[in-house]
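The values are calculated or read from the model by the stated rules, or taken from the named source; none is laboratory data. Since the model is a prediction, treat every value here as computed from it, not as a measurement. Heads up, the Cβs are rebuilt from the backbone with ideal geometry, glycines too, and the neighbour counts pull from every protein chain shown. Ligands, DNA and RNA are excluded from the accessible area calculation, which covers all protein heavy atoms including side chains. Shrake-Rupley method; radii C 1.70, N 1.55, O 1.52, S 1.80 Å.
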Amino acid sequence: MFAVSPKLDCPHEKDIEFEKVKENLTTETVFSPCIKCSDKSENWMCLSCNSILCSRFVNGHMAEHFEETQHPIAFSFTDASFWCYLCDSYIHSPDCAAVARAFQDAKFNQSTSSAGAACIDAEEIQTSTEPIANVSSLPKTFDRAAFVEGLKTKKFRKIAVLTGAGISVAAGIPDFRTPGTGLYSQVQKYGLPYPEAIFNLEYFRENPEPFFKLSKEFFSFQEYQPVTAHRFIKALHDQDMLLLNYTQNIDGLELSAGLPINKLVQAHGHTRSAHCIDCGKEYTMAEFQEYVAREEVMFCALCREEDDETYRGLVKPDIVFFGERLPVSFATSFHLIAEADLVIVMGTALKVFPFAFLVTEVGADVPFVLINRENPGIQKENFLFLQGDIQETLKEIVAEAQWQLL
Ligand code: CNA
């Protein structure tokens with residue numbers, strides 16, 4: 001799976017017959033080979049004619065298909081993403097989400113009938129300013145007292161916690177999107193074409209300097225300490241109530257708080273090691289940080305060719321850039337969220353896919369708690385939105401549940 005900020009208003013979707021696409025997504029189809037070269041490793045399906053063809057990482061037959069037919073949108077069997085050749089961008093929408101769910105059903109041979117109960121509406125994510133406007137009209141409710149009581153009595157045994165940059169802001173690490181203080185407000189000084197470019201692999205290949213400057217300014221994660229949110233997640237684990245913590249964060253503060261690594265899914269990678277983006281040679285973060293401290297771009301010692309000035313084997317930490325694959329651990333633990341008996345989402349704008357798809361896997365009856373400054377567009381039965389500061393809210397909840405955080 002790839003980390004992306006998809007385009008949410010692709011105009012080329014209007015010609016796609018999504019119902020037919022869903023019908024065509026059978027177990028047989030999703031494991032079919034490329035119709036041109038028979039490769040099975042990495043295929044896409046054309047949403048206009050349902051042809052299955054391989055990716056640019058194999059023989060590029062889907063790209064050729066677009067050149068020949070001008071069929072605009074393809075769906076990836078590897079990471080459930082949608083690419084529009086005419087928009088030259090990943091795209092997403094409620095129709096896409098429905099196709100992705102049909103794909104999950106077919107690929108993992110399981111019913112995700114609950115899918116859609118917790119519904120991320122793509123347009124709302126982009127524009128939502130009115131938190132939980134429709135929630136009060138939904139039939140079943142889950143309130144703060146029930147949440148606290150469930151913690152106190154250990155009623156919940158499989159809590160899935162989904163986290164984003166907002167939980168580490170109190171530790172001194174800026175998030176992405178908070179106006180004024182978020183990284184996206186601060187990276188403009190590096191002269192980027194758009195803020196997300198700093199974490200874009202293609203941009204990094206051509207312009208690595210801004211990322212190295214950012215690393216010097218913000219990414220000395222060993223200097224940061226866990227805060228209440230990280231200690232709360234650790235407490236859930238200590239009480240044997242934690243199913244998994246799916247995090248988009250790369251700071252590792254969950255681990256610093258003592259959470260075992262097998263309880264943490266670091267969907268967007270980590271900063272424990274670094275690799276050459278071309279040959280894959282591994283480097284330690286200490287080696288990477290030496291370059292950062294000297295304000296020097298780090299090139300791979302193995303694949304940099306002295307006689308070829310244009311060849312650039314760049315080294316970066318193992319965080320997932322836009323356009324890079326997510327770790328296998330994300331794909332293999334993705335479906336486990338369906339087992340959760342409580343879901344807690346904290347500190348995320350849920351704008352990055354496929355991470356945001358996780359919430360579509362939560363069952364309708366499963367209580368769902370959002371602790372954030374604003375609601376990114378979640379509407380669901382049994383939904384509790386604790387609006388406000390994460391750390392302060394958690395301190396109150398912990399006190400009400402009569403827990404002590406270590
Ligand atoms: P984001 O898009 O910046 O969203 C953060 C969310 O948290 C927003 O909804 C904020 O309103 C909310 N928020 C921030 N502070 C608080 C607070 N104190 N109390 C309540 N709510 C608060 O970040 P996302 O995590 O959604 O975006 C995903 C990106 C961010 C991932 O790819 C990460 O790798 C990336 N990131 C990680 C870190 C880190 O590891 N600490 C830092 C910066 C960015």
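Matching residues to (1) over 30 Å from residue 57 (Cβ atoms); (2) open to solvent by 20 Å² or more (accessible area, probe 1.4 Å):
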| residue | (1), (2) |
| --- | --- |
| 319 | no, no |
| 338 | no, yes |
| 349 | no, yes |
| 375 | yes, no |
| 389 | yes, yes |
>> Of the residues 291, 283, only one is open to solvent by 50 Å² or more (accessible area, probe 1.4 Å) and away from the ligand (no atom under 16 Å from the Cβ); which?
In response: 291
> Given the residues 69, 26, which is the only one that is farther than 22 Å from residue 202 by Cα, surrounded by fewer than 17 Cβ atoms within 10 Å (Cβ to Cβ), of a type in the set (Val, Ile, Thr) and at pLDDT 95 or above?
Replying inline: 69
> Of everything in the range 142-187 that's small (Gly, Ala, Ser) and free of Cβ contacts under 8 Å to residues at least 24 places away in the same chain, which residue is least open to solvent (accessible area, probe 1.4 Å)?
Replying inline: 182
> Name the residues in the range 364-373 that are surrounded by 22 or more Cβ atoms within 10 Å (Cβ to Cβ) and under 20 Å from residue 105 (Cβ atoms), would you?
Replying inline: 366
>> With the requirement that a residue be charged (D, E, K, R) and either open to solvent by 30 Å² or more (accessible area, probe 1.4 Å) or more than 13 Å from the ligand (Cβ to nearest atom) (or both), what does the range 246-271 give you?
In response: 263
> How many of the residues in the range 378-406 are within 11 Å of the ligand (Cβ to nearest atom) and either within 30 Å of residue 102 (Cβ to Cβ) or of a type outside the set (Ser, Thr, Tyr) (or both)?
Replying inline: 8
> Only one residue in 115, 133 is touching a Lys or Arg at 6+ places or on another chain (Cβ under 6 Å) and modelled with pLDDT under 70, so which one is that?
Replying inline: 115
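So that you can scan it fast, the table gives a plain yes or no per residue for (1) of a type in the set (Lys, Arg); (2) closer than 27 Å to residue 106 by Cβ:
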| position | (1), (2) |
| --- | --- |
| 272 | yes, no |
| 284 | no, no |
| 295 | no, no |
| 315 | no, no |
| 328 | no, yes |
| 333 | no, yes |
| 343 | no, yes |
| 356 | no, yes |
> If we only count strands (runs of 3 or more DSSP E) wholly inside the range 211-322, which ones have 1 or more residues that are under 21 Å from the mean Cα position of the chain (by Cα) and farther than 30 Å from residue 339 by Cβ?
Replying inline: 269-276, 315-319
>> Which of the numbered conditions does residue 180 fail, given that it passes all the others? Conditions: (1) more than 10 Å from the ligand (Cβ to nearest atom); (2) within 21 Å of the chain's Cα centre (by Cα); (3) modelled with pLDDT under 90.
In response: (2)
>> I'm checking my understanding of the structure. Among residues of the range 151-172 that are part of a strand (DSSP E or B) and aliphatic (A, V, I, L, M), which one is farthest from the ligand (Cβ to nearest atom)?
In response: 159
>> Just to be sure before I move on: is residue 332 surrounded by 16 or more Cβ atoms within 10 Å (Cβ to Cβ) and among the hydroxyl-bearing types (Ser, Thr, Tyr) in the structure I sent?
In response: no
> Does the range 218-245 hold any residues that are within 12 Å of the ligand (Cβ to nearest atom) and either out of contact with any helix residue (DSSP H, G or I) (no Cβ under 6 Å at 6 or more places or on another chain) or closer than 22 Å to residue 316 by Cα (or both), and which are they?
Replying inline: 218, 219, 221, 224
